[in-house]
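J.: Submitted below is the structure of interest, expressed as structure tokens.
Read the figures in this text as sums done on the coordinates, not as results from a lab. The structure displayed is predicted, hence computed values, not measured ones. All Cβ positions, glycine included, derive from the backbone under ideal geometry; neighbour counts span all protein chains shown.
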Amino acid sequence: MKTEKQKMLDGELYTANDEELKSAHQRAVALCCKLNGGLSDDVRAEVAKQLFGKTGTNINLTQGFYCDYGSNIEVGENFYCNYGVCILDVCKVRIGDNCLIGPQVGIYTACHPLEREPRIKLLEYGKPVTIGNDCWIGGGAIINPGVTLGDNVIVGSGAVVTKSFPSNVVIAGNPAKIIKRLG
């Protein structure tokens, strides 16, 4: 029998108010509060390394960062995250090397059933998000559950990314579409 955490990570319906998940969420809340305090960049990076499941050595998170668990977030080298970013990491969020996340970006893996009864029972599920190397996510963009972005993808400010995109493109709009191919 799978735990609620394992169901969550596997993208199956799970109960979010499970004790193990509530405990993990409270840990993330405490670390986010610490992270969002008046810490130096070096100390903030060390707290982020405690919060995230995997990091490179050079990471920079500014204040106003929030997540569900943190342990399901993996970031590569030279990661920069601007003010007010929210990552709902009920499934894995993998972000490659040399990535820039603009202010007020939302990256969401959390989903809710379309059927009424499971929603009333507070069941939910997730789909992982993967962002390749050398990507830039513009301010206010939203990356929806299940999206994979290839390497060298630029997401325009305010874009709503509802599907996956290949490498070497600029995407923008709602829903996001390719507006330019990069050489």
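J.: Could you check the spin-label model distance between residue 54 and residue 6? Points 7 Å from the Cα along Cα→Cβ, value in nm.
T.: Inter-label distance under the simple model: 2.1 nm.
J.: Please give the peptides 41-51, 132-142 ranked by average Cβ packing (other Cβ atoms within 10 Å per residue), highest first, as a rough proxy for protection.
T.: Packing proxy ranking, top to bottom: 132-142, 41-51.
J.: Run the dipole for the chain about the Cα centre, Lys and Arg Cβ at +1, Asp and Glu Cβ at -1, nothing else charged, and hand back the magnitude in debye, nearest 20.
T.: Rounded to the nearest 20 debye, it is 400 debye.
J.: If the cut-off is a Cα-Cα distance under 27 Å, which lysines reach residue 34, setting aside same-chain residues fewer than 8 apart in sequence?
T.: 5, 22, 49, 54, 92
J.: Find the centroid of the Cα atoms in the range 87-116 and in the range 1-65, then give the distance between the two in whole Å.
T.: If we compute the Cα centre of each part, the gap is 13 Å.
J.: Spelling out what I want: for every residue of the range 99-109, take phi, set θ = phi - 60°, compute 6.51 cos²θ - 1.76 cosθ + 1.60 (Karplus), and round to whole Hz; glycine and proline get x.
T.: Residue by residue, the range 99-109 yields 9, 10, 10, x, x, 6, 7, x, 10, 10, 9 Hz.
J.: Using the basic label-point model (7 angstrom from Cα toward the beta carbon), what is the residue 182 to residue 164 distance in nanometres?
T.: Computed distance between label sites residue 182 and residue 164 equals 1.9 nm.
J.: May I pose another question? Residue separation times 0.36 nm, minus the C-alpha to C-alpha distance between residue 114 and residue 86: what's the value?
T.: 7.8 nm
J.: Okay, next question. Cut-off is 10 Å between beta-carbons; in what order do 89, 97 appear when sorted fewest neighbours first?
T.: Listed from fewest to most nearby Cβ atoms, that is 97, 89.
J.: Sticking with this structure for a sec: How big is the chain along each principal axis, measuring the range of its Cα positions in Å and listing the largest first?
T.: Its Cα atoms span 49, 41, 24 Å along the three principal axes.
J.: Under a crude label model (7 Å from the Cα following the beta-carbon direction), how far is residue 122 from residue 46 in nanometres?
T.: Taking the two extended label points, one gets 3.7 nm.
J.: What's the exposure ranking of 4, 20, going from fewest to most Cβ atoms within 10 Å?
T.: 20, 4
J.: In the range 53-115, which GluC sites (Glu not before Pro) are in a loop and have at most 10 other Cβ atoms within 10 Å, using DSSP for the loop call?
T.: 115
J.: On to the next question. Could you work out [θ]222 nm for the chain from helices alone, using -39500 (n - 2.57) per DSSP H run of at least four and dividing by all its residues? Round to the nearest 500 deg cm²/dmol.
T.: -6000 deg cm²/dmol
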